[in-house]
Amino acid sequence: MFPVEMERLELSKTDIDRMLSEVEKENLLFARKDLLDTLTFPSSIVGRKEKAMELVRLIAGYKKGHVVPFISVYGRSGAGKSTVVRFVCENLDDALCCFVNLRRAKTVFGCANLILGEMGEPSLKSAQGINVAVEKIQGAIESLSKGKRLFVLVLDEFDVLFYDKRGKPSDFIYKLLVMEEKLREKGVLSCIIVISNNVMADYEVDDRVRSRMGSTEVFFPAYTKKDVLEILRERAAKAFSAPVDPAVLEYCAEKSSEEHGDARRAIDLLRVAAEIASFKEEKLANVHVDAATDQLQKDRVNLALSSASYHLKLACAALARITYLTGEAWHSTSVIYAQYCKIIRKDTRPLTYRRVSELLTELDNTGLVVSQTSSRGRHGYGTQYKLNISPEIVGSACFPDWWKNVVQKKKEHERKEDEKNNIFMPAGKSHFGGLGRLLDTLEDESWKDFVGLDA
Ligand SMILES: Nc1ncnc2c1ncn2[C@@H]1O[C@H](COP(=O)(O)OP(=O)(O)OP(=O)(O)O)[C@@H](O)[C@H]1O
């Protein structure tokens with residue numbers, strides 16, 4: 001016989017109601033959570049008036065029959081480029097703006113199809129060729145801009161175009177510029193605004209295209225702590241059901257600006273911190289911001305490494321290991337390469353120095369590491385890399401079991417050194433911080449061997 005009170009196995013509406021009221025309790029801190037969603041367009045834009053003015057100055061000529069054909073807007077992630085460009089373009093009198101995010105495109109032809117899609121046109125087959133695609137874009141602009149004095153085509157995440165090495169991105173830009181000239185002959189004024197993280201000079205563009213493009217650029221610097229604080233204050237005032245301690249907002253702004261000056265990540269940090277506090281039924285405090293920083297860093301690393309090859313993870317793990325063991329932040333390509341060769345599986349052939357150096361550039365593009373190039377005197381220039389995220393998070397995301405071993409070895413080594421030297425170390429001070437520097441002078445052979453610099 002079954003017991004009388006058995007837990008029901010099937011999911012019921014009552015279960016969902018119960019779950020909903022539980023989650024609602026977890027969200028008590030929020031009044032309007034959508035205001036902390038960085039995927040939706042902000043209801044108000046804080047500051048950036050001087051950048052809006054720069055753009056307006058470049059475009060305003062359309063009222064008198066002239067406009068700059070190509071504007072490059074660039075700067076770091078989360079600097080407000082897309083937000084400000086969209087706001088300016090959508091508020092121009094007598095103008096029509098088509099905003100296309102190219103992120104989803106994998107090829108130059110894919111970019112053309114995304115543009116067509118945004119203009120309400122059907123996609124083309126790549127066999128039809130890029131010339132037909134550009135002709136269709138021209139036709140769509142002609143019919144959309146009827147009765148308007150200006151058509152603005154905004155291409156966000158323009159960097160994507162250059163990932164397609166076979167698709168001739170430079171040629172595509174050339175064709176768009178020629179299309180603008182043809183449109184002008186037909187009395188349609190147009191302007192292309194491209195948004196990317198890097199300055200156009202960094203991309204491979206033919207000289208003939210460069211000269212047609214001109215060099216009209218608007219640079220968006222990363223936000224300062226003051227800017228980030230203003231953005232957070234404005235959001236927090238409406239997003240939470242009770243006022244948030246100003247010190248917590250300040251802490252959030254400080255953490256975000258010292259790391260990146262990225263408004264998107266600052267808002268995400270505030271939202272996740274509030275979710276953690278809400279879940280624990282506590283008042284939002286700095287500890288929740290710290291916990292949120294950890295969680296977001298883990299998410300970022302996992303996302304960046306989710307599709308990474310074994311060798312990319314290895315290059316990343318090599319940098320994490322050397323950073324963790326030496327306590328030094330910056331490491332040269334040659335040191336990282338030596339580490340990479342040391343930790344690679346014995347049955348796998350290491351990639352060449354050049355290829356690993358390319359992998360480090362890839363890591364730089366993901367934002368997990370930053371690089372700096374400096375002169376090494378008569379040895380030319382050398383690049384150094386630094387992790388943007390704590391080595392513990394990176395190491396355990398790359399190879400969890402291996403990383404546990406690295407941590408354990410470091411602890412054992414520290415304990416043995418303590419016993420050997422019987423010295424007092426102030427709390428929180430790592431042996432490796434100071435001794436790591438010794439590695440450079442190669443005075444301490446045992447440390448050198450432990451870190452594996454001579455592998
Ligand atoms: N000045 C601002 N005022 C209010 N919110 C802002 C401001 N700048 C940025 N944001 C917020 O930050 C988020 C990221 O901004 P945006 O997409 O404009 O940055 P971006 O520079 O284009 O970044 P990416 O290069 O990563 O695309 C937006 O969702 C917006 O909500």
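Nothing in this text is a laboratory measurement; each read-out follows from the coordinates by a stated rule. For clarity, every value in this text was computed on a predicted model and none was experimentally measured. Here the Cβ is made from the backbone with ideal geometry for all residues, glycine too, and neighbour counts use every protein chain on show.
Modelled spin labels at Val199 and Arg8, positioned 7 Å past Cα toward Cβ, are 6.7 nm from each other. How tilted is helix 225-239 with respect to the longest principal axis of the chain? Cα atoms for both, answer in degrees (0 to 90, nearest 10). Compared with the principal axis, the helix lies near 80 degrees.
Spin-label model, Arg18 to Lys226: label points 7 Å out along the Cα-to-beta-carbon direction sit 5.4 nm apart. Applying 1/(1 + (r/R0)^6) with r as the Cβ-Cβ distance of Arg184 and Val407 and R0 = 51 angstrom yields a FRET efficiency of 0.20.
Could you calculate the FRET efficiency of Glu254 with Arg32 from 1/(1 + (r/R0)^6), where r is the beta carbon distance between them and R0 is 22 Å, rounded to 0.05? Kindly include the intermediate steps, with their values, before the conclusion.
On the way: r = 25 Å, r/R0 = 1.12.
Efficiency, from the Cβ-Cβ distance: 0.35.
Computed from Cα positions, the angle between helix 263-279 and the longest principal axis of the chain comes to roughly 50 degrees.
Once you have the Cα-Cα distance between Met53 and Gln128, take 0.36 nm times their residue separation minus that, and quote the gain in nm to one decimal. Provide the component values of the computation, followed by the final result.
On the way: separation 75, 0.36 × 75 = 27.00 nm, distance 4.10 nm.
Extra length from Met53 to Gln128 when fully extended: 22.9 nm.
Please express the shape of the range 153-193 as an equivalent ellipsoid: the semi-axes are the square roots of 5 times the eigenvalues of the C-alpha gyration tensor, given largest first in whole angstrom.
Details: eigenvalues 105, 30, 3 Å².
The answer is 23, 12, 4 Å, longest axis first.
What is the magnitude of the charge dipole of the range 126-203 about its Cα centre, with +1 placed on the Cβ of each Lys and Arg, -1 on the Cβ of each Asp and Glu, and no other charges, expressed in debye to the nearest 20?
Values: 11 positive and 11 negative charges, 72 e Å.
Roughly 340 debye for the range 126-203.
Between the C-alpha center of the range 258-293 and that of the range 40-109 there is a gap of 30 Å. Our helix-only sum for the chain, with -39,500 (n - 2.57) per DSSP H run of n ≥ 4 divided by its residues, gives a mean residue ellipticity at 222 nm of -17000 deg cm²/dmol.
If you take the charge dipole of the chain about its Cα centre, with +1 on Lys and Arg Cβ and -1 on Asp and Glu Cβ, which of Val301, Thr224, Ile137 is farthest toward its positive end? So the residue furthest toward the plus end is Ile137.
Could you tell me how many degrees, from 0 to 90 and to the nearest 10, lie between the Cα long axis of helix 353-366 and the main elongation axis, the longest principal axis, of the Cα atoms of the chain? Taking the Cα atoms of the chain, the angle to 353-366 is about 70 degrees.
For a quick protection proxy, order the peptides 51-57, 148-154 by their average other-Cβ count within 10 Å, most packed first.
Numbers: 51-57: 16.1, 148-154: 21.4.
Highest-to-lowest ranking by the protection proxy: 148-154, 51-57.
Taking a straight Cα-Cα cut-off under 13 Å and skipping sequence neighbours fewer than 8 places away in the same chain, the aspartates and glutamates within cross-link reach of Lys182 are Glu135, Glu142.
Annotation for the range 188-220 versus the range 380-424: alpha-carbon center distance of 44 Å.
Remind me, what semi-axes does the chain give for its equivalent ellipsoid, largest first in whole Å, using sqrt of 5 times each Cα gyration tensor eigenvalue?
The equivalent ellipsoid of the chain has semi-axes of 45, 33, 23 Å.
Put the Cα centre of the range 298-352 next to the Cα centre of the range 150-172 and the gap is 32 Å. Computed across the range 67-220, the Kirkwood hydrodynamic radius from all distinct Cα-Cα pairs reaches 15.6 Å.
Taking the chain as a whole, the Cys residues whose C-beta sits 4.7 Å or farther from every other Cys C-beta are Cys98, Cys111, Cys191, Cys252, Cys316, Cys341, Cys398.
In the structure shown, the pairs Lys25/Lys81; Lys313/Lys404; Lys64/Lys186; Lys106/Lys136; Lys33/Lys255 are assessed against 25 Å; a Cα-Cα span above that value is assigned to Lys25/Lys81.
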